[in-house]
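Worksheet for the structure shown next.
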Amino acid sequence: MALEQIVFTTQVVAPGLIAPGAQVVLGPFAMPAGTFARAGDACWASVDVDLLGQTLTAYVNAANNVTAVLFNGTAGGINLGAGVNLRIYVAKR
């Protein structure tokens with residue numbers, strides 16, 4: 001199956017303080033009109049700040065909607081601050 005295109009959405013988020021072993025769900029966010037992201041499409045995310053040891057994942061949670069999850073697997077609480085630019089990419093199949 002061929003890859004059709006890579007599409008993305010950019011959101012400004014403020015995940016707040018994330019305790020050790022905790023996670024925060026960012027989204028869901030709508031993809032731009034006409035992109036038609038769907039379950040099974042590959043999805044990943046990036047931010048414009050250092051994650052400080054956290055893990056960032058993303059997935060298509062409903063037709064044309066994506067969600068990111070930030071997990072703090074470190075031993076201390078982490079606050080990335082406000083105004084974090086989150087970009088979620090979807091590789092349409």
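Read the figures in this text as sums done on the coordinates, not as results from a lab. Bear in mind that the values here come from a model prediction, so they are computed numbers and not experimental data. Neighbour counts run over all protein chains shown; Cβ positions are idealised from the backbone, glycine included.
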- Query: When the dipole is taken about the Cα centre of the chain, and only Lys, Arg (+1) and Asp, Glu (-1) are charged at their Cβ, what size is it in debye, to the nearest 20?
  - Reply: 200 debye
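How high is the relative contact order of the chain? Use alpha-carbon pairs under 8 Å, at least six apart in sequence, and give a whole percent.
On the way: 226 pairs, mean separation 43.9, N = 93.
Relative contact order comes out at 47 percent.
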- Note on the structure: Whole-Hz Karplus couplings 3J(HN,Hα) for segment 45-53, θ = phi - 60° and coefficients 6.51, -1.76, 1.60, Gly and Pro as x, run 9, 9, 10, 9, 10, 5, 6, 6, x
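Taking the chain on its own, what percent of its Cα-Cα pair distances exceed 15 Å?
Working: 2436 of 4278 pairs.
Here the tail beyond 15 Å accounts for 57 percent of pairs.
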